[in-house]
Amino acid sequence: MKRIAVMTSGGDSPGMNAAIRAVVRTGLEYKIETYGVRQAYAGLMAGDFELLTSVEVSGILQRGGTILQTARNEEFKTAQGQAKGLRRLNEHQIEGLIVIGGNGSLTGANVLHKAGFPTIGIPGSIDNDIFGTDMSIGVDSALNIILEAIDRLRDTASSHQRAFVIEVMGRNCGYLALTAAILGGAELVVTPERPFSMQEVADALQDAYVRGKSHAICVVAEGAPFRVSELEHFLAKQAKVGFEIRVTILGHIQRGGGPSAFDRLLATRMGVKAVQALRDGESGKMVALNGRKMDLIPLEDAVSQLRPISESYFEMAKFLAR
Ligand code: F6P
């Protein structure tokens with residue numbers, strides 16, 4: 001194998017640059033040239049490829065976002081779009097592709113593999129919803145940002161005897177919300193995985209007030225059964241809650257900024273493993289963290305379901321909040 005390509009796709013996540021760097025430099029070690037595909041599948045179909053030398057990936061290890069840029073794309077879901085992408089790869093004499101991204105991006109990678117093109121996936125998404133890996137690139141960094149925000153909000157909440165509703169990302173998965181609630185000492189958490197009514201939120205906040213807490217923190221995942229704006233409206237009409245309510249939506253702040261040490265290591269190991277896999281003739285696999293080991297699992301398995309959250313996390317979040 002002499003020439004491979006790498007792309008980042010879907011929502012960016014801190015550590016994607018560290019993975020790109022690891023791919024390029026591992027390639028150099030094996031005398032493999034690496035081309036960067038700009039703007040994910042859109043760039044693949046347009047043939048927007050650029051040779052990445054050691055210099056291009058110098059100084060990017062600690063940078064958030066992705067130097068290759070990213071996009072969400074509908075056209076590549078069509079047979080015509082896929083044929084275009086394959087044609088561009090062949091035109092550039094690329095022999096293998098590494099796709100760094102979330103579920104949708106890895107589904108695209110699996111399509112290329114099934115079409116006979118050697119493809120390896122790397123899980124990159126702050127949501128930690130990718131099946132088969134303990135952690136995806138960016139999760140740890142996003143969690144650290146959320147925790148810093150919760151700590152700050154608790155200071156002001158406590159000073160004013162207020163309850164804060166904090167919306168965090170995760171439209172299909174409550175991992176960030178649940179983990180941040182446990183680690184941030186929240187009174188309650190609402191996720192897409194469990195039914196939860198606005199009345200239950202009001203009751204829990206009231207309970208915290210009556211028990212004499214100086215503040216209450218409620219973490220709500222983006223994909224919760226109700227929007228935080230609805231909840232704010234609902235709580236405003238519940239005189240019994242006791243606390244004054246404030247709402248903070250963390251939004252895309254959670255995705256920006258440099259990767260944590262954990263994410264730099266994870267991304268670096270995954271980048272190295274992905275190139276080694278291509279060099280060894282593997283295809284249709286995703287690099288996955290399994291305990292402390294770096295495994296290869298079938299892309300088909302990784303994209304066919306979402307990663308479930310451990311039941312014990314839901315239990316912990318409840319009893320630790322008492
Ligand atoms: O998939 C990652 C993610 O950050 C989700 O948590 C969030 O719902 C979504 O992307 C936001 O997407 P966009 O950046 O397109 O607004």
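Inside the stretch 194-227, residues that are within 16 Å of the ligand (Cβ to nearest atom) and at positive phi make up a count of 0. Just to be sure before I move on: is G116 at pLDDT 95 or above and either surrounded by fewer than 16 Cβ atoms within 10 Å (Cβ to Cβ) or within 16 Å of the ligand (Cβ to nearest atom) (or both) in the structure I sent? Against the criterion (at pLDDT 95 or above and either surrounded by fewer than 16 Cβ atoms within 10 Å (Cβ to Cβ) or within 16 Å of the ligand (Cβ to nearest atom) (or both)), G116 qualifies. Checked against the criterion of being crowded, with 18+ Cβ neighbours inside 10 Å, in a loop (DSSP other than H, G, I, E, B) and more than 21 Å from the chain's Cα centre (by Cα), the stretch 160-176 has no qualifying residue. Quick check: anything in the stretch 278-288 at pLDDT 95 or above, assigned to a helix (DSSP H, G or I), surrounded by fewer than 21 Cβ atoms within 10 Å (Cβ to Cβ) and not assigned by TED's automatic domain parsing to the domain that holds G212? Yes, the stretch 278-288 contains a residue that is at pLDDT 95 or above, assigned to a helix (DSSP H, G or I), surrounded by fewer than 21 Cβ atoms within 10 Å (Cβ to Cβ) and not assigned by TED's automatic domain parsing to the domain that holds G212. Contact annotation: residue pairs with Cβ atoms under 8 Å, 6 or more positions apart or on different chains, pairing a residue in the stretch 153-178 that is at pLDDT 95 or above and more than 11 Å from the ligand (Cβ to nearest atom) with a partner that is aromatic (F, W, Y) and assigned to a strand (DSSP E or B), are L153/F164; R154/F164; A157/F164. Return only the number of the condition from (1) of a type in the set (V, I, T); (2) in a strand (DSSP E or B); (3) surrounded by fewer than 16 Cβ atoms within 10 Å (Cβ to Cβ) that V247 does not satisfy. Status for V247: all satisfied but (3).
The values are calculated or read from the model by the stated rules, or taken from the named source; none is laboratory data. Since the model is a prediction, treat every value here as computed from it, not as a measurement. Using ideal geometry, Cβ is built from the backbone for each residue, glycine included, and neighbour counts are taken over all protein chains shown.
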